[in-house]
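Structure, as structure tokens:
The values are calculated or read from the model by the stated rules, or taken from the named source; none is laboratory data. Given the structure is predicted, the values throughout are model-derived calculations rather than measurements. Neighbour counts are summed over all protein chains in view; Cβ atoms, including those assigned to glycine, are modelled from backbone coordinates with ideal geometry.
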């Protein structure tokens, strides 16, 4: 094989190898945690305060922690307590631990829409008016979708104005409490403290 033939063959091999490598790069596996698809961009915590639009559950408050993903997606945990009244004006307290998911559309804007979904199990306790002490009533599952507007007051502080619905699933009817007694529309405020570094 002469020199020119060798160069021609070498050029052809290198060209084919380069095409194959480019195709391999284009077809590389994409994973959730390879640093390209999902980025951890911030962390937030704070408190939320709700008032029911129904008479059976008047006030509620909680605290939450959120991880911010790709600037706009949120995932975290919420602890929430709500007081209310049911049949015969018997008062009850709901203690909820829930997974919290959210999406803030274009969160870099000073005012932007946000949707949240809380889902978790709740314990319902009641003070028995006849027998002193706390009576356990029930375990239920709560879903709490909310929509609202969020205001970037400072880079590290945001205020959300929200409205949503608390849906109770699985009340067993103790003391005549039903899912309808616990479920209600609500509106509220959410205060977020933290930082988004992306």
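Quick notes on this one:
- Only one of 180, 162 that is in contact with a strand residue (DSSP E or B) (Cβ under 6 Å, 6 or more places away or on another chain) and at negative phi: 162
- Residue, surrounded by the fewest Cβ atoms within 10 Å (Cβ to Cβ), within segment 153-198, restricted to residues that are within 22 Å of residue 45 (Cβ to Cβ) and without any contact (Cβ under 8 Å) to a residue 24 or more places away in the chain: 154
- Of residues in segment 168-184 being assigned to a strand (DSSP E or B) and in contact with a helix residue (DSSP H, G or I) (Cβ under 8 Å, 6 or more places away or on another chain), the one nearest to residue 96 (Cα to Cα): 168
- Residue within segment 36-44 that is more than 20 Å from residue 187 (Cα to Cα), over 16 Å from the mean Cα position of the chain (by Cα), outside any helix (DSSP H, G or I) and modelled with pLDDT of 85 or more present: yes
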